[in-house]
Amino acid sequence: MKPFLALAGAFVLLASCSYKEAAVFPFASDGDVAIYGLSKNAAQGFLALSGDGKLEYVFDGPLKIPDDASIEIDYSFSPSQSDDATPGQIVLSLGENSWELPWSFSFLGFAESPDELRYVIPVPPLSLDRLSIAFIPAEKSENKNAPRLRIHAMALARRWFGYSREDALAPVAASPFVYMKNASLYIDPPQAFRIKGKAELLIDGPGEFPGGLKIEGGNEGPGYFRMEASNPAVKFTVPDVFIGSGSFPLMIDSITAGSDIKSVKLLPAPQRPFPEPIPADPGLILAWPKEAFRDPRLEVFRWEGFPQVLIFDMADYDVQDRFLKRLAFFVEKAGFRGRLAKDEEIANLHGWNAHDYRASALAGFFEAARKTDFPLLKEEKELESILLAAGILRKSSNGAIEEGEGAIVSVSQESKGYLRTLFMVHESFHGLYFIDSDFRNYSRQRWEALPQVPKRFILSYFGYQAYDTRDTDLVINEFMAHILQQPVSQAAKYFGESLAGRINESEWRRSVLPAKDEASGTWPELAEAFTQEAQAFSSYVNRRFGLAAGRVRKVSIRFD
């Protein structure tokens, strides 16, 4: 009898597998893979959610699933359902792994269930030849009015964790291992399902994040970080250099899926070969570990909030000089402007500890070198290639170097502590001045309205610093940046004590100073005038850019 039973079982199996029809819904992947239903309902993508039911599928060839991949399934219910009173479980089986499909995304705080859901399921590397979707009822019943599941699409896609509702025409998407707790969103995949390579966190928000964002990774110890973002860019990135194995769970505070946030995604970081710029906020650039540089000499960033501006972080002043020193003399230094100085001419002269240049100045430098066949350093030629690739420079049909759009700023890791922050703020405001005509016009208006006493003082100081004070635009740009480089509260001390004290040390310059208050050792007229300028400028950049005097970062990060 046993052989008979085995043959009978084989006959039943063959009979059940005899139906095979191409599914009406698409299965997207990099390869040309077709999916077939082993029943009419499976092919049409419908499953009645009453009693035991199952949809079985096979592929026309093995589906090779690589590392860091997920299976995405788009589905809906008719009528729509909530988690309050579900008639059972819907289970998707992929090889040895089974996943329960959610009835809604209420676990993410959505008040209403979307019409169509996309569940993004992490799958380990394997060769998949079949999958199934089964309904397991909570209790046995035959309900003719039971809801129906409809499958709209499936896909093999890049793995990510979080949620997304970026496109009004696409389903609302979410992954497992994401949940809401105490008004915070958590992303916490187990080690076995985490992204194997480097991962970054992308948050795509509305025009602004009311109240800002707080992001915490992990607990105390290696990999922990706490990030705070006030009015960050619409698309905000936590770069992969700050996310490690000890950074879980990831917690995004003061955010709900029912808010205006379009998506929160932890996904594989793109492979950006050097020197392709990395998008980042200045606050993160300041915290960027030197050992994470793709090139030990420097790292190249694109200001995330203002992508026309490239920010270079140099390993030290010597590296920075090889890239930018000659350019500094060509663009800004009195007695050298417009001339390509030879190495021996400027070898013992100081360039700058930080730099800023607009597209037109960069084009002028490199075009002058091209026309005269000037022997630029290897690093200078490398800079030219970076700027051409970024669109800050362009090459005409006859080979001439022309200005494109944007600007560059540069700081160095050799600048320590508060100086590095001060230089970043100073140079970044220069970058904004170069790309924003309204900012330039406002700065000119403030300069033209500045009383004569503080104007004579600051012009003398710029001359002392070897700026070419005959260039009015350069003077206005430096006037603005010196005012905005520190908080408003520090303007009085900086201008009315520190800078005035330096001018006072020069016997032939001190004539530009107003009366000194001997008791305090300060110059009150300068302190008051420049405090007023700082208040006006800070108010302006806050309205226009969401920044403030002494602050160009929208993000801060700490690791303890």
Exercise. With (1) part of a loop (DSSP other than H, G, I, E, B); (2) of a type in the set (S, T, N, Q); (3) under 30 Å from Glu216 (Cα atoms) as the list, and Ser520 as the residue in question, which single condition is left unmet?
Worked result: (3)
Seminar exercise, completed: Of Phe439, Phe423, Phe457, Phe429, the only residue that is of a type in the set (Phe, Trp, Tyr) and closer than 14 Å to Asp473 by Cβ is Phe439
Exercise. From the list Phe301, Phe248, which residue is in a strand (DSSP E or B) and touching a Pro at 6+ places or on another chain (Cβ under 8 Å)?
Worked result: Phe301
For this session: Take Val488 and decide whether it is within 26 Å of Ala548 (Cα to Cα), touching a residue at least 40 places away in the same chain (Cβ under 8 Å), surrounded by 14 or more Cβ atoms within 10 Å (Cβ to Cβ) and not assigned by TED's automatic domain parsing to the domain that holds Gly335.
Result: yes
For this session: Can you give me the ranges of the helices (runs of 4 or more DSSP H) entirely in the range 409-517 with at least 2 residues that are polar (S, T, N, Q)?
Result: 417-435, 437-449, 452-464, 472-484
For this session: Being in a loop (DSSP other than H, G, I, E, B) and surrounded by 23 or more Cβ atoms within 10 Å (Cβ to Cβ) is the filter here, so list the residues in the range 321-343 that pass it.
Result: Glu332
Exercise. Going through the range 415-462 one residue at a time, which ones are of a type in the set (A, V, I, L, M) and over 29 Å from the mean Cα position of the chain (by Cα)?
Worked result: Ala449, Leu450, Val453, Ile458, Leu459
Seminar exercise, completed: The number of residues in the range 17-29 that are in a loop (DSSP other than H, G, I, E, B) and crowded, with 16+ Cβ neighbours inside 10 Å is 3
Problem set entry | Of the criteria (1) within 32 Å of the chain's Cα centre (by Cα); (2) assigned to a loop (DSSP other than H, G, I, E, B); (3) of a type outside the set (Phe, Trp, Tyr), which one Leu376 fails | (1)
Problem set entry | Among the residues listed as Asp356, Asp318, the single one being outside the structural domain of His482 (by TED's automatic domain parsing), assigned to a helix (DSSP H, G or I) and closer than 20 Å to Glu299 by Cα | Asp318
For this session: Sort out which residues of the range 257-289 are in contact with a Ser or Thr (Cβ under 9 Å, 6 or more places away or on another chain), assigned to a loop (DSSP other than H, G, I, E, B) and either among the polar types (S, T, N, Q) or at pLDDT 90 or above (or both), and write them in order of number.
Result: Pro275, Asp281
For this session: Please find, within the range 517-540, the residue that is farthest from Phe462 (Cα to Cα) out of those that are of a type in the set (D, E, K, R) and either surrounded by 20 or more Cβ atoms within 10 Å (Cβ to Cβ) or modelled with pLDDT under 95 (or both).
Result: Glu518
For this session: Identify, from the list Pro296, Pro289, Pro270, the residue that is surrounded by fewer than 19 Cβ atoms within 10 Å (Cβ to Cβ) and under 12 Å from the mean Cα position of the chain (by Cα).
Result: Pro270
Exercise. Right, Ala481: in contact (Cβ under 8 Å) with a residue 24 or more places away in the chain, at positive phi and outside the structural domain of Lys371 (by TED's automatic domain parsing) or not?
Worked result: no
Exercise. Identify, please: which residue in the range 158-167 is modelled with pLDDT under 95 and closer than 27 Å to Leu47 by Cβ and is, among those, surrounded by the fewest Cβ atoms within 10 Å (Cβ to Cβ)?
Worked result: Asp167
Seminar exercise, completed: Out of (1) at pLDDT below 90; (2) polar (S, T, N, Q); (3) more than 24 Å from Trp160 (Cβ to Cβ), the one Gln308 does not meet is (1)
Problem set entry | Count of the range 516-560 residues which are in contact with a strand residue (DSSP E or B) (Cβ under 8 Å, 6 or more places away or on another chain), of a type in the set (Ser, Thr, Tyr) and more than 14 Å from Gln490 (Cβ to Cβ) | 1
Exercise. Can you tell me which residues in the range 30-50 are modelled with pLDDT of 95 or more and in a loop (DSSP other than H, G, I, E, B)?
Worked result: Leu38, Ser39, Gly45
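The values are calculated or read from the model by the stated rules, or taken from the named source; none is laboratory data. The model shown is predicted, which means the values in this text are computed figures rather than measured ones. Glycine gets a Cβ as well: all are built from the backbone with ideal geometry, and neighbour counts include every protein chain shown.
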